[in-house]
Amino acid sequence: MNTRFSINPCALSFVRNIRRKTDRCCTRKSLVLFMLLCCCIAFCGPAFADSHHKRNILILHSYHPGYKWTDDETRGILDGLESVKDTTKIYIEYMGTKWANSDSYFDSLLTTYREKYRDIRFAVLFVTDNDAFDFVRTHRDSVFGKVPVVFCGVNWFRDEDLKGQTLFTGVNEDADIAATLDVMLALHPKTTSVLAVMDSTTTGRIMRTKILELEPQYRGKIAFRILQDMDMAEILKTVAAAPENSLVLLTVFQKDRAGVFFEYGESTSLLSKNSRVPVYGLWDFNLGFGIVGGKLTSGYAQGSSAATLGLRILQGESADAIPVIKKSPNKYLFDFEQLSRFNLSKTGLPDGSEIINEPPSFYAVNKTLLWSLLGGILLLSSIVVVLGINIQQRRKAQAELQQAHDELEQRVHDRTADLVRVNELLQQENSERTKAEAEVRTLNAELCEFNQEIENLVSERTMNLMALAVADRVRNPVTVIGATSRRIIEKSTSCQGLSPALQEQLGILSESAAQLEQIVADFQSLLSSRQTVFHHLDINEAIESVLHLMRREAETREIELVTDLHEQPLMINAQINLLKIALFHLIRNALEATPRRGKVRIATMREGEKVILIVHDSGQGIPQDTIGKIFEPFYSTKNRSFGMGLPLVRQVVAEHMGDIHVESEVGAGSTFRITFPTRWKER
C-alpha cells in the first residue's frame, strides 16, 4: 500500500487564510510566517500520515470462540491476511448464536455494535456462517456503513440472498449430503435406513430441509428417519437400538431440546460410542471423534478462500466485481480407526480420499535405519572389495619379489662365474686386473642394493603379520596377570601368609587386570562385530567405574583427578562396554597430556535434553595447526602411540548419537566436550 501525506483540514484552512492575507497585504512578516508554516506541514505531514495509515478489518463470527469450526475459519482468514498484517488492524467479534438466538438477543447485539463501532471505519467486513450473514445483510448500513462484505460458511448460498445488496462477495458452504450418502451406500450396500441427527438451530433446520429434498432421489433404496428436537438421552437410546442394516448421518448437533449445549467433539463422541452402527458426518470438525468420514466441508478452507477475496478488495478491486465462489471446497476424509472398527477396506473409498490416524508404514518408521543398514552394507562391501584388491596386489607383489629373488640368485651365480674367470685372467694378465676389480666392486654394489630391497620387503611383510596378531596377543599378559594375582590371593587367604595391605593391593591388581581384560575383549568384539545392545544407564556410574581403574595411574604420575559429577543420575542410551572404552581412552589421553603435579578435571551436567561430559587437562595444549588432525587414525603427537585412542573415542560417541568437540590453547591445556542425547532422535 502506498503511503500518502494527510494534512489536517484546519491547518489547510489556516494556510489559505495566511495566503489571502499575504496577497492582500504583501507584508514581509506574513510571507515569512507562511513559509515557516509550510515547512512545519511538510515535516509533520508524513508523521501524521504514518500514525493513521493502518486500515481496519472486522471479522464477525456467528458462533463462539473455542468452537472448532469457527476457530478453523479464523485461522484460515488470519493466515490468508498474513501479507497485510503490518498495514491492517483486525477486530474479531463473536455473536454466540449457538448459545442464544432469540429476537431480543439480536436486538441487544445491534445496540451493542452500533455503540461499539460508532467511530470506527472498516475497509473490509468478514462475516462467517448464516447468522452473521443475515445480521449484516439487514443492519450493515446502519451499524458499519457501506463497507465491503466478504462472507464464508453460508450454507447453500443462492444469488437471491444478495438481491438488493451491494458490495457483497464471498464463499458458499455446501455440505454435500448426496455425495456422503452415496459413499455410505457404496461401503454398506445392504443399508436399508439412515438415521439423520440434527439440532434445531438455523443450520439444523436447513439440514432437515435439504435431506427431505433428497428423499425422493433415494426412495426405494433407503428410508430416512429424522432425529431432531430430541434430548441427547433419547437420541443415544435410538442409535443404540438402530437396526443392523442402518447407518447414522450426523449433520449438526450442538443443542438438544432441553437447551443443553454440546461441543462438536462431545456430541460426536457420544453418538459414536453409543451407536451400534457406523456414524458418518458432513463437517471435518467431527472427524477424529468417532465418525467414519464422508465428503466433508472445511472451516479452514472457507476462511482461507474468503481471505483471498478480501485481499483483492484491499488492493482496490470492487466487491461487486468479484463473483461469489459457489463451489464449496469439500474433500473425502475418513478416520482409519473407525474404518478398522467396522472392517471397512480402504480400496472401497473414492479416489483422492484422505485418511487420518493411519499408522505409518514400516518404511516410514524405519526409513533412517533402513538407509543406514544399506549404507553400512555398501560400506562393508566396499571395504571387502578394497581388501580383496589389496590381497591380490600383495600376492602379485610376493610373486614379483620371488621372481626378482630368483633372478638375483641367477645373476649372482653368473657374476660369481665371471669373477672366477676374471681371477684366472688376472693371474695371466696383470694389465687387466684394474678393470676386473672395478667390475667386481660394481657387482658387489648391485648385490647390496638387491639385498636391501629383499630386507625391506621381508620387513614390511613381517610388520603386516605382527599388526594382524597384536589384538590377540595384547590380552595374554593381562590374562596372566589377573590369573596369577587371583591364585596368590586364594593361597594367601588359605595360608594367611600376606599382610592385609598387600592382599588389598593384590585385589586391586586382580580387579584392574579383569577390567583391562574386559576392555581388550570389548575392543576385539568391537573390531569383529558391530552388533551392540544399548541400555538406559547413568553415565556418572560408568565414569566412576573407569576412574576406579585410572586413579592408580594418576597417583603414579602425581596428577590430581578432580571430579564434578552431577548430583542427580544422568540417564542416556548407551552400550556400557563401548562407553567405558571411550571414557578409558579419553581420560588416559588427558593423563598422558598432563605433567606431574598437574590436574585433570572431569565434570558432567545436563543442558535441556542433553547430557554434557567435560574432560579438562592442564597440559601444554594442542597447536591450532594440528588440532584438526587429532581424530585421524594413526596420527599422534606422543612417542610410543599408535594414534588410535581419540579416533576410537569419536567413533563410539558417534554410535551413541553424540558429538565431541575440543578446545585447546598452547600452554593452558585442552578441554574435550562430549554431548549425549538423553533419548535418541532421528537425525
The residue that is nearest to residue 63 (Cα to Cα), considering only those in the range 78-135 that are surrounded by 14 or more Cβ atoms within 10 Å (Cβ to Cβ) and of a type in the set (D, E, K, R), is 98
Counted residues in the range 129-161 being under 20 Å from residue 209 (Cβ atoms), outside any loop (DSSP other than H, G, I, E, B) and more than 45 Å from the chain's Cα centre (by Cα) come to 5
Among residues of the range 634-649 being of a type in the set (A, V, I, L, M, F, W, C) and assigned to a helix (DSSP H, G or I), the residue modelled with the highest pLDDT is 649
Practice prompt. Examine the range 307-325 for a residue that is within 32 Å of the chain's Cα centre (by Cα) and not assigned by TED's automatic domain parsing to the domain that holds residue 184, and state whether such a residue exists.
Written response: yes
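Rundown of residues vs (1) buried (at least 16 other Cβ atoms within 10 Å of the Cβ); (2) at pLDDT below 90; (3) more than 21 Å from residue 162 (Cα to Cα), yes/no style:
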{"residue": "315", "(1), (2), (3)": "no, no, yes"}
{"residue": "319", "(1), (2), (3)": "yes, no, no"}
{"residue": "322", "(1), (2), (3)": "yes, no, no"}
{"residue": "342", "(1), (2), (3)": "no, no, yes"}
{"residue": "349", "(1), (2), (3)": "yes, no, yes"}
Scanning the range 249-280 residue by residue, those part of a loop (DSSP other than H, G, I, E, B) and aromatic (Phe, Trp, Tyr) turn out to be 253, 262
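Conditions tested, residue by residue: (1) within 40 Å of the chain's Cα centre (by Cα); (2) buried (at least 22 other Cβ atoms within 10 Å of the Cβ); (3) aliphatic (A, V, I, L, M); (4) assigned by TED's automatic domain parsing to the domain that holds residue 99.
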| position | (1), (2), (3), (4) |
| --- | --- |
| 190 | no, no, no, no |
| 206 | no, no, yes, no |
| 228 | no, no, no, no |
| 238 | no, no, no, no |
| 247 | no, yes, yes, no |
| 275 | yes, yes, no, no |
| 280 | yes, yes, no, no |
Condition test on residue 60, is it assigned to a helix (DSSP H, G or I) and among the aliphatic types (A, V, I, L, M)? no
Only unsatisfied item for residue 613, checking (1) at pLDDT 90 or above; (2) surrounded by fewer than 18 Cβ atoms within 10 Å (Cβ to Cβ), is (2)
Those residues of the range 141-166 that are surrounded by fewer than 19 Cβ atoms within 10 Å (Cβ to Cβ) and either in the same structural domain as residue 211 (by TED's automatic domain parsing) or not hydrophobic (A, V, I, L, M, F, W, C) (or both) come to a total of 12
Of those in the range 351-369 that are among the aliphatic types (A, V, I, L, M) and either under 30 Å from residue 147 (Cα atoms) or assigned to a helix (DSSP H, G or I) (or both), the residue modelled with the highest pLDDT is 369
With the first residue restricted to the range 325-339 and required to be among the β-branched types (Val, Ile, Thr), and the second required to be crowded, with 21+ Cβ neighbours inside 10 Å, Cβ contacts under 6 Å at 6 or more apart or on different chains are 325/171; 325/305
Filtering strands (runs of 3 or more DSSP E) wholly in the range 532-604 for at least 1 residues that are closer than 17 Å to residue 648 by Cα and not β-branched (Val, Ile, Thr) gives 571-574
Residues in the range 180-231 that are in contact (Cβ under 8 Å) with a residue 12 or more places away in the chain and either assigned to a loop (DSSP other than H, G, I, E, B) or of a type in the set (Asp, Glu) (or both) total 14
**Asked** Out of curiosity, is residue 169 within 43 Å of the chain's Cα centre (by Cα), outside the structural domain of residue 347 (by TED's automatic domain parsing) and buried (at least 19 other Cβ atoms within 10 Å of the Cβ)?
**Response** yes
Across (1) without any contact (Cβ under 8 Å) to a residue 60 or more places away in the chain; (2) closer than 17 Å to residue 545 by Cβ, residue 611 clears everything bar (1)
Worksheet item: Restricting attention to the range 654-676, does a residue exist that is assigned to a helix (DSSP H, G or I), closer than 30 Å to residue 365 by Cα and not basic (Lys, Arg)?
Response: yes
Flagged pairs (Cβ under 6 angstrom, 6 or more apart or on separate chains; first in the range 274-291, within 13 Å of residue 332 (Cα to Cα); second in a loop (DSSP other than H, G, I, E, B) and at pLDDT below 90) are 282/175; 284/298
Exactly one of 334, 285, 289 is among the hydrophobic types (A, V, I, L, M, F, W, C), in contact with a Gly (Cβ under 9 Å, 6 or more places away or on another chain) and either in a strand (DSSP E or B) or assigned by TED's automatic domain parsing to the domain that holds residue 70 (or both), and that residue is 334
Does residue 83 fit the bill of being assigned to a helix (DSSP H, G or I), without any contact (Cβ under 8 Å) to a residue 12 or more places away in the chain and over 22 Å from residue 173 (Cα atoms)? no
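The values are calculated or read from the model by the stated rules, or taken from the named source; none is laboratory data. If you're wondering where the values come from, they're calculated on a predicted model, not measured in any experiment. Because the Cβ atoms are built from the backbone with ideal geometry, glycine has one as well, and the counts that use them run over all protein chains shown.
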